[in-house]
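Have a look at the structure below before the remarks.
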Amino acid sequence: MITDGIPAPADSTTPAPPRTYTLTGPDNRPYPSTTPGTLGGHRPGRLYGRLDCPSALRAIAAGHYVRHRVFFPDETTAIAAGYRPCAVCLPEKYRQWKTRRTTTP
């Protein structure tokens, strides 16, 4: 309803549109998703890790990293996009990756 040219407030029972997140796919291209990512990554470093990674949070707090941040729906997608595990928050997966990398010709 419009009164004096001012629209009435939105009905509180009207659901808000779903939030959209930008995730990175296995082809390394961004795509919209209604589900947030489970892993974060750093595009220039080509690494992925937990969203609560202490190293990433320090970099973000210092004003770095944010504009190069990417998000993945899962680990399989991050690996397919060419990213490696973070040595800080995923140390075992990082050791496995590094072992495979040094033993593969």
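7 Å from Cα along Cα→Cβ at both Asp74 and Arg19: what's the point-to-point distance in nm?
Placing both labels 7 Å along Cα→Cβ, they lie 2.2 nm apart.
What residues qualify as long-range amide H neighbours of Leu23, i.e. H under 5 Å apart, gap of 5 or more or another chain, H built at 1.01 Å from N?
Here the answer is Tyr31, Ser33, since their amide H atoms fall under 5 Å of that of Leu23.
Over the alpha carbons of the chain, what is the largest minus smallest coordinate on each principal axis, giving the biggest first in Å?
So the three principal-axis extents are 74, 30, 21 Å.
With θ set to phi - 60° and the Karplus curve 6.51 cos²θ - 1.76 cosθ + 1.60, what are the ³J(HN,Hα) couplings of the stretch 71-85 in order, to the nearest whole Hz, using x for Gly and Pro?
For the stretch 71-85, the Karplus curve yields 10, 10, x, 6, 5, 4, 5, 4, 5, 4, 7, x, 9, 10, x Hz.
So, with +1 on the Cβ of K and R and -1 on the Cβ of D and E, and no other charges, what is the size of the charge dipole of the stretch 35-105 about its Cα centre, to the nearest 20 debye?
300 debye
Work out how much length Thr34 to Arg95 would gain on full extension: take 0.36 nm times their residue separation and subtract the Cα-Cα distance, in nm to one decimal.
18.7 nm
In the chain, if the dipole is taken from +1 on Lys/Arg beta carbons and -1 on Asp/Glu beta carbons about the Cα centre, which of Ala87, Ala59, Thr22 is farthest to the positive end?
Ala87
Please determine, in degrees from 0 to 90 and to the nearest 10, the orientation of helix 91-103 with respect to the longest principal axis defined by the Cα atoms of the chain, where the helix direction is its Cα long axis.
Helix 91-103 and the main axis of the chain meet at about 50 degrees.
Which residue, Leu47, Leu90, Leu23, has the most motion in a Gaussian network model of the chain that connects Cα atoms within less than 10 Å?
Evaluated over the chain, the most mobile residue of the options is Leu90.
Bear in mind that the values in this text are calculations on the coordinates, not laboratory data. Computed from a prediction, not measured in an experiment: that's the story for all the values here. Note: ideal-geometry Cβ built from the backbone for every residue, glycine included; neighbour counts use all protein chains shown.
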